[in-house]
1. Assuming a ≥ b ≥ c are the square roots of the Cα gyration tensor eigenvalues, decide whether segment 66-145 counts as rounded (a/c under 1.5), prolate (otherwise, with a/b larger than b/c) or oblate.
2. Can you work out the FRET efficiency for the pair H30 and R55, with r the C-beta to C-beta distance and R0 = 41 Å, to the nearest 0.05?
3. Which residue fluctuates most in the GNM of the chain (Cα springs below 10 Å): H66, H120, H135?
4. For the pair F10 and A116, how long in nm is the line joining their label points, each one 7 Å along Cα→Cβ?
5. Go through K108/K128; K15/K68; K15/K142; K108/K132 and tell me which ones have a Cα-Cα distance over 27 Å in this structure.
6. Suppose R0 equals 22 Å. What FRET efficiency, 1/(1 + (r/R0)^6) with r the Cβ-Cβ distance, do A129 and R73 give to the nearest 0.05?
7. Using the Cα centre of the chain as the reference point, and only Cβ charges (+1 on K/R, -1 on D/E), how large is the resulting charge dipole? Debye, rounded to the nearest 20.
8. Extent of the chain along each principal axis, from alpha carbon coordinates, in Å, largest to smallest?
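The values are calculated or read from the model by the stated rules, or taken from the named source; none is laboratory data. Fair warning: this is a prediction, and the values are worked out from it, not measured in the lab. Neighbour counts are summed over all protein chains in view; Cβ atoms, including those assigned to glycine, are modelled from backbone coordinates with ideal geometry. Remember, those area values only see protein heavy atoms, side chains included, never the ligands or the DNA or RNA. Shrake-Rupley method; radii C 1.70, N 1.55, O 1.52, S 1.80 Å.
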Amino acid sequence: MFVPVSAEEFSFQAKDLKWIMDPRISKVVHYQGKPAGAVIAIPDLNPLLRRLGSRLRLSLPWHYLHYKAHRDRAVVIFQGVMPEFQGQSVNPLMLGEMARDMIAAGYKTVGGTWIADENHASLRQSEKAGAKPLHRLHLFSKELS
């Protein structure tokens, strides 16, 4: 149930990430001038949202500065390797670099968004990295008549 994302869709979805991105913890790997893979991580916003009660408040700037100074959790929101580079250790290379840079930046934990059950390579990579599953995800579909 996935379709490729166009450049316009990606730009629309990513345009506001600049406000929360920490460029130290995302990676893009290039081979011969072309992207071979990418892992995009952002600081975990849940502590900030919890402090704000998930509402825009006048205290947002203060809470944001406090959060930015003390953030120590990150979330991987996108990870992918171009098909021609899959199985060639690009993913472990990116994840290793990302983990090293997260530690250097003061992050203590990292989580990830869901990995499909049939994506055995990514599930194995997470397992090898010592990650523990938090819960399972089920997608449903139904024919409409």
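1. The shape class here is oblate.
2. Rounded to the nearest 0.05, the efficiency is 0.50.
3. Residue with maximal mean-square fluctuation among H66, H120, H135: H135.
4. 1.8 nm
5. From the list (K108/K128; K15/K68; K15/K142; K108/K132), the Cα-Cα distance tops 27 Å for K15/K142.
6. So the FRET efficiency works out to roughly 0.85.
7. 720 debye
8. Result for the chain: principal-axis Cα extents of 51, 47, 34 Å.
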